[in-house]
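Peer 1: Okay, here's the structure, questions in a sec.
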């Protein structure tokens, strides 16, 4: 019987989000496989971390693709992106918390490619006057991903219903970045 690598990576990400210092043995148990099987798949923690990081970025990129960021107004595009990110919040959380991925050229390049697409939609909203111009576009992009990670943790811990998470994240993000009347003018 072959082991489903996708299942192993998903369970490893879920477990490592809760216990970042978990041993390979603990990760294997969380995935429902033996430590020997995990080591055959990923010879060490760094190899597992790189596989998780690569898979996470593939999923984030696919989520951004599915969000069709070039269609419609910026706020609607960001809402679609949040909807697509929430099912992969565990992988996204792993990207944020894994030190082994810091300064990895492949991971950095993949992340930059995704981030530049999100930053572009934010800039589009800033240019058309629908999003605030006093907040840096790159920071808004980072905030979107961070809010998705935080909501994923809240879902995992039972503080937020899974079905409510996309709406809660989108409302907080869009509400914070949508441009409204200038308070100095009133």
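Only the coordinates and a few stated rules stand behind these numbers; no lab work does. Just so it is clear, the structure is predicted and the values come from calculations on it, not from any experiment. Methodologically, a virtual Cβ is constructed for each residue, glycine included, from the backbone with ideal geometry; neighbour enumeration extends over all protein chains shown.
Peer 1: Once you keep just the Cα pairs under 8 angstrom separated by 6 or more residues, what percentage relative contact order results for the chain? Present the calculation step by step, with values, prior to reporting the outcome.
Peer 2: Details: 197 pairs, mean separation 39.0, N = 186.
Here the relative contact order equals 21 percent.
Peer 1: Taking the chain on its own, what percent of its Cα-Cα pair distances exceed 19 Å?
Peer 2: Numbers: 10353 of 17205 pairs.
Cα-Cα pairs of the chain separated by over 19 Å account for 60 percent.
Peer 1: Taking a ≥ b ≥ c as the square roots of the eigenvalues of the Cα gyration tensor of the range 66-174, is the shape rounded (a/c under 1.5), prolate (a/b larger than b/c) or oblate? Let's see the in-between values first.
Peer 2: On the way: a/c = 1.94, a/b = 1.14, b/c = 1.70.
In terms of gyration-tensor shape, oblate.
Peer 1: Given R₀ = 30 Å, what would the calculated FRET efficiency be for residue 157 paired with residue 133, taking r from the Cβ atoms and rounding to 0.05? Can you show the working numbers first?
Peer 2: Details: r = 36 Å, r/R0 = 1.19.
Result of the calculation: an efficiency of 0.25.
Peer 1: Hey, how many Å between the Cα centroid of the range 125-186 and the Cα centroid of the range 102-119?
Peer 2: The distance from the Cα centre of the range 125-186 to that of the range 102-119 comes to 21 Å.
Peer 1: Would you kindly give the portion of the calculated P(r) for the range 13-75 that falls above 18 Å, as a percent of all Cα pairs?
Peer 2: Working: 928 of 1953 pairs.
Counting pairs separated by more than 18 Å, the tail of P(r) holds 48 percent.
Peer 1: For the range 121-181, what Kirkwood radius comes out of the mean inverse Cα-Cα distance, in Å? Spell out each step's value before the answer.
Peer 2: Values: mean 1/r = 0.0818 Å⁻¹.
Across the range 121-181, the inverse of the average 1/r is 12.2 Å.
Peer 1: Treat each spin label as a single point 7 Å out from the Cα along the C-beta direction, and report the residue 73 to residue 146 distance in nm.
Peer 2: Here the answer is 2.6 nm between the modelled labels.
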